[in-house]
Structures are given as C-alpha cells and as structure tokens.
Amino acid sequence: MLLCQIEMQALDPVAQEPTYYIVGRYGFDPGLQEQEEVWINWQIWDKNFEIRSKIVGRRKEVYVDGKSIALGMSESEKAKFLAIYPDGMETLSNGASLFLLRIFVEALDKEQLFAVQKALAQGERQLRPQGQLPKTEN
C-alpha cells in the first residue's frame, strides 16, 4: 500500500527543534520534486492562509508491518486515511506492508508560517504538529 504525506517543517519556538505539520495526505505520488514551489492553502478557524513553500526533501520509508502506523494515528488522521483508503485501516492492522512517501516543504514566507503557528496556538488545534516524526537526512 502507498501513502504519500506532505509535511511542512517549522521551528518549535519553545524547544527550538523542527516540528512537522502534515498538510496533505494522498494515495498516490503527486510527483513533486525538490526545489519546486507549491502553495499551501490552510484554513484555521475563520482565517485563511496562503503560504508560498518549496519542496526541500523526499523520504521513502517501507514498513514491513503497517500495524504500528495504524496504532499511532490520531482519530482525525485515521479519518483522513480512511477517506483515501476505505479498507486501508483494516489492511494495515492485519500486518500489511506500507510504502510511505514523505515530501517535506519549507515556507518561503516565514511570517506567514509564524501567523499559522500563532493561530494554531489559540485554542484547540485542528492540525496537530507531528513532532515525533524523524528529521530528514539530506
């Protein structure tokens, strides 16, 4: 099974370490390559953000037993995953393998990204930072 995630890298202002926000999840490879520009359109509460970004890396991961991925997903992530793969959660929980393509983007307009982080910090977050994801290796 193939899963592609677009992840925006941000700096955690408190810990001063990279944090990743999953901004897209697809059942196909969109073909984005390093150095390409993309616009991340993000609605948080009543505000819309358009963040000009650049692809900074791609990482391919193979999980022999996808069950660990399924168990680690939040309820909102599971809902997004099931929208792409209606029978996918059951397949993963039965131990099927998973090919995860991670595409990393970096905001070119850091002020917009800071505004997004501020909006997310005001109340319950709709998209949770994925701080547990490993750093990219270039």
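What is region 2-121's relative contact order, in percent, from Cα pairs under 8 angstrom and six or more apart in sequence? Numbers along the way, then the final one.
Details: 214 pairs, mean separation 40.1, N = 120.
Averaging sequence separation for qualifying contacts and normalising by length gives 33 percent for region 2-121.
If the cut-off is a Cα-Cα distance under 16 Å, which lysines reach Lys118, setting aside same-chain residues fewer than 8 apart in sequence?
Straight-line reach from Lys118, under 16 Å: Lys47, Lys110.
Can you list residues whose amide H is under 5 Å from Asp109's amide H, if they're 5+ apart or on another chain and H is modeled 1.01 Å from N?
Residues meeting the amide H criterion: Arg52.
Counting other beta carbons within 10 Å of each residue's own, what order do Arg102, Arg52 fall into, fewest first?
Values: Arg102 19, Arg52 13.
Ordered by Cβ neighbours within 10 Å, fewest first: Arg52, Arg102.
FYI, it's all coordinate maths here, none of it is from the lab. The model shown is predicted, which means the values in this text are computed figures rather than measured ones. Cβ: placed from backbone, ideal geometry, glycine included. Neighbour counts: every protein chain shown.
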